[in-house]
Amino acid sequence: MSDSYHDQLLQDTPYLRGDRRLDTELLDRLVLQLNRIYPQILTDKEAQKFRNLKVPTGIRLAELLTHLQKKGEEACHEFYRALQIHAEDIYVSLPSRMSKRETAEPKGTNNHPDLREKFVLNDRGPLFFISCFSVAVGAAFLYYYGAESKVLGDAKKILGFTALGLGRRAKEVLVSYAKDNSSRQ
């Protein structure tokens, strides 16, 4: 594999043309970046051509990539820089980037942390979540409908017994609520 940006762009072109994340808005940002900062790469007339909304995004992208390859190494390098600035996720997932990472990292070593661990909030599982949610919904139901209607009957008294299996603070809240409601009647 060559280290030139021109060769990398040749390798990445099929991937970029097939990637749905490279939409019209992102293509416009890339064209504007290349036009405004490097007018020698994309002139105003060329930028207007690649920003023409009458032409489908896929065709404009293909023409832009071909144009940059014809312009040479510096144009390809600036395209990669613009892509990295505006779409880091696409830039990182390019085939040329992936192969560079594989060659830089010896086989058998994994320096990347497991991303699943980053998003685990607790290890109690879905049953714990459902039981906590049920307690919260039950308490809200009793709070909003228990004091004003006779529909629940003796549910307020049961609320005091519910506190037996809970922690100290939850127990205090439920018992005080049950006492408060019974003193109102």
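The values are calculated or read from the model by the stated rules, or taken from the named source; none is laboratory data. Since we're looking at a predicted model, the values are computed, not measured. All Cβ positions, even for glycine, are placed from backbone atoms using ideal geometry, and neighbour counts span all protein chains on display. For the accessible areas, the whole protein counts, side chains as well, though only heavy atoms, and no ligand, DNA or RNA atoms are used. Shrake-Rupley method; radii C 1.70, N 1.55, O 1.52, S 1.80 Å.
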Solvent-accessible area of TYR15, probe 1.4 Å, all protein chains present, reported in Å² to the nearest ten, please. 70 Å²
Calculate, for segment 5-93, the solvent-accessible area per residue in square angstrom, rolling a 1.4 angstrom probe over the heavy atoms of the protein chains. 54 Å²
Can you tally the net charge around LYS70? Count Lys and Arg as +1, Asp and Glu as -1, for every other residue whose Cβ sits under 13 Å from the Cβ of LYS70. -3
Given a 1.4 Å probe and the protein chains all in place, what does the accessible area of LYS49 round to, in Å² to the nearest 10? 110 Å²
Simple spin-label model, 7 Å along Cα-to-Cβ: VAL55 to VAL137 in nm? 5.5 nm
Rounded to the nearest 10 Å², the accessible area of ASP89 at probe 1.4 Å: 90 Å²
With each pseudo-label sitting 7 Å past Cα toward Cβ, what's the ILE85-LYS45 distance in nm, one decimal? 2.5 nm
Less than 15 Å Cβ to Cβ from ASP28, Lys/Arg counted +1 and Asp/Glu -1: what total charge do the surrounding residues give? +2
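Given a Förster radius of 45 Å and the C-beta distance between ALA62 and LEU127 as r, what FRET efficiency does 1/(1 + (r/R0)^6) yield to the nearest 0.05?
After rounding to 0.05, the efficiency reads 0.30.
With a 1.4 Å probe and all protein chains in place, put SER93, SER176 in order of accessible area, largest first.
In descending accessible area the options line up as SER176, SER93.
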Neighbourhood net charge (15 Å Cβ-Cβ; Lys/Arg +1, Asp/Glu -1) for ASN52: 0
